[in-house]
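Colleague: Got a structure for you, written out below as structure tokens; questions coming shortly.
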Amino acid sequence: MTRAGLRRVPRSVGVLAAVGLAFLVMPVVGLLQRAPWSSLPELLGSEAVLDALGLSVVVSLAASAIAFVLGLPLALVLARVELPGMRLIRALVLLPMVLPPVVGGTALLFALGRRGLVGQWLDRWFDLTLPFTTAGAIVAATFVSMPFFVITVEAALRQAGTDLDEAAATLGASPLRVLLRVTLPQITPALAAGAALTWARALGEFGATVAFAGNLPGRTQTLPLATFVALESDPERALALALVLLAVSLTVLIALRDRIVIR
């Protein structure tokens with residue numbers, strides 16, 4: 001920012017902004033300052049950490065894939081369809097973003113548990129049980145992360161407008177062809193940004209996972225859960241795991257610094 005730009009902001013506002021920045025950055029600096037840099041390779045190479053890392057990769061990638069498949073049609077409907085009640089539908093779609101994760105996990109338990117609203121039928125008809133399984137961890141991660149994909153893609157669709165879509169339809173293109181050849185190519189960067197945000201959120205999911213899928217090593221204990229457990233018995237390992245999650249989150253945010261726009 002140039003000096004001319006700085007003059008547009010009152011000094012008191014600049015001071016408060018600096019205090020706010022320090023408040024947000026201070027925990028990160030504290031984490032970096034206490035990190036066991038010399039023993040980091042050994043800590044991250046332990047079997048427990050590698051198991052948690054591998055499970056986190058599987059869960060986050062699966063959640064991102066499901067969010068893409070289900071979230072893209074949802075974003076298209078929210079951006080293109082005008083019907084009564086769409087505001088309520090949008091609010092319900094975005095609810096997991098503001099809902100306490102533990103509450104979300106509890107809701108999943110009562111919906112998809114063995115005696116839940118839908119879970120009882122999954123158990124009875126398909127012998128499928130989700131709680132306290134890897135599949136349950138994927139469901140929990142998808143529930144909390146999919147709204148990030150939907151809101152990113154919906155914003156891009158609204159910004160792109162419908163002029164090119166309507167022109168292609170006028171020339172005889174079918175709705176599916178318009179979608180694949182006109183609409184989606186326009187929002188490719190937003191699709192990538194939404195997928196990256198979804199993956200990062202799924203990788204860092206904790207509350208809904210522990211409430212719905214539990215904390216079972218090798219089955220549902222992802223990196224955030226392993227970090228929480230390590231805080232009690234092995235603080236250095238907890239710091240090492242926290243550094244991994246911090247590095248991933250910071251990398252995603254820096255890479256998407258021009259794409260994170262909420263409208």
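Colleague: Starting from 0.36 nm per residue, how many nanometres of slack lie between Leu184 and Leu117 once their C-alpha separation is accounted for? Let's see the in-between values first.
Modeller: Values: separation 67, 0.36 × 67 = 24.12 nm, distance 3.56 nm.
Gain on extension, Leu184 to Leu117, equals 20.6 nm.
Colleague: Let me ask something else about it. So how do Thr142, Thr227, Thr170, Thr183 line up by other beta-carbon neighbours within 10 Å, fewest first?
Modeller: On the way: Thr142 25, Thr227 22, Thr170 8, Thr183 19.
With the sparsest Cβ surroundings first, the list reads Thr170, Thr183, Thr227, Thr142.
Colleague: Also, I was wondering about something else. Taking 0.36 nm per residue of separation and subtracting the Cα-Cα distance, what length does fully extending Leu176 through Phe126 add? Intermediate values should be presented prior to the final figure.
Modeller: On the way: separation 50, 0.36 × 50 = 18.00 nm, distance 3.31 nm.
Contour length minus Cα-Cα distance gives 14.7 nm.
Colleague: Sticking with this one: Most exposed first by the Cβ proxy, i.e. fewest other Cβ within 10 Å, how do Arg219, Arg11 rank? The partial results should precede the final answer.
Modeller: On the way: Arg219 16, Arg11 9.
Fewest-to-most ranking of Arg219, Arg11: Arg11, Arg219.
Colleague: Continuing with the same structure: Per residue of segment 134-144, in order, report the coupling 6.51 cos²θ - 1.76 cosθ + 1.60 (Karplus, θ = phi - 60°) as ³J(HN,Hα) in whole Hz, putting x for Gly and Pro.
Modeller: Karplus-based 3J(HN,Hα) across segment 134-144 equals 4, 4, x, 5, 5, 4, 5, 5, 5, 4, 8 Hz.
Colleague: Here is a follow-up. Using Cα-Cα distances under 8 Å and only pairs 6 or more residues apart, what relative contact order does the chain have, in percent? It would help to have the intermediate numbers written out before the result.
Modeller: Working: 301 pairs, mean separation 74.9, N = 263.
About 28 percent, as a whole number.
Colleague: Here's something else I'd like to know. Could you sort 85-95, 66-76 so that the peptide with the highest average Cβ count within 10 Å comes first and the rest follow in order?
Modeller: On the way: 85-95: 12.7, 66-76: 18.9.
Ranked from most to least packed, the peptides come out as 66-76, 85-95.
Colleague: Please report Rg (one decimal) and Dmax (integer) in Å for the Cα set of segment 54-153.
Modeller: 14.5, 44
Colleague: Which ³J(HN,Hα) values in Hz, rounded to whole numbers, follow from the phi angles of segment 105-119 under the Karplus curve 6.51 cos²θ - 1.76 cosθ + 1.60, where θ = phi - 60° and Gly and Pro get x?
Modeller: My calculation for segment 105-119 gives x, 5, 4, 4, 5, 6, 8, 10, x, 4, 10, x, 4, 9, x Hz in order.
Colleague: Evaluate Rg over Rh across the chain, taking Cα atoms for both radii and Kirkwood's formula for Rh.
Modeller: Details: Rg = 21.7 Å, Rh = 20.9 Å.
Rg/Rh for the chain comes to 1.04.
Colleague: Would you calculate a helix-derived [θ] at 222 nm for the chain, using -39,500 (n - 2.57) for each DSSP H run of n ≥ 4 and dividing by the full residue count, to the nearest 500? All intermediate terms of the calculation are to be shown ahead of the outcome.
Modeller: Numbers: 14 runs with 194 residues, N = 263.
One gets -23500 deg cm²/dmol as the mean residue ellipticity at 222 nm.
Colleague: Which order do the peptides 159-165, 191-197, 209-215 come out in when sorted by mean C-beta neighbours inside 10 angstrom, highest first? Let's see the in-between values first.
Modeller: Numbers: 159-165: 13.7, 191-197: 21.6, 209-215: 23.7.
So the order, starting with the most tightly packed, is 209-215, 191-197, 159-165.
Colleague: Using +1 at the C-beta of Lys and Arg and -1 at the C-beta of Asp and Glu, which of Val244, Leu95, Ala67 has the Cα lying farthest in the positive direction of the dipole of the chain?
Modeller: The Cα lying farthest towards the positive end belongs to Leu95.
Colleague: Rounding to the nearest 20 debye, state how big the charge dipole of the chain is about its Cα centre with +1 on each Lys and Arg Cβ and -1 on each Asp and Glu Cβ.
Modeller: On the way: 20 positive and 15 negative charges, 198 e Å.
Dipole about the Cα centre, nearest 20: 960 debye.
Colleague: Quickly work out the Ala255-to-Arg158 label distance, labels modelled 7 Å from Cα along the C-beta direction, and quote it in nm with one decimal.
Modeller: 2.6 nm
Colleague: 5 Å is the cut-off here: which amide hydrogens, built 1.01 Å from N in the peptide plane, fall below it relative to Gly113, excluding neighbours closer than 5 in sequence?
Modeller: Distant-sequence amide H within range of Gly113: Gly119.
Colleague: While we're looking at this one, here's another question. For Leu128, enumerate residues with amide H under 5 Å from its amide H, sequence gap 5+ or separate chain, H modeled in the peptide plane.
Modeller: Excluding prolines and chain starts, which carry no amide H, the hits are Asp123.
Colleague: Still on this model: To the nearest 0.05, what FRET efficiency results for Leu245 and Ala18 with a Förster distance of 30 Å applied to their C-beta separation? Don't skip to the answer; put the middle values down first.
Modeller: Values: r = 27 Å, r/R0 = 0.89.
Here the calculated transfer efficiency is 0.65.
No lab work stands behind these numbers, since they all come straight from the coordinates. What you are looking at is a predicted structure, and each value in this text was computed from that prediction instead of being measured. All Cβ positions, glycine included, derive from the backbone under ideal geometry; neighbour counts span all protein chains shown.
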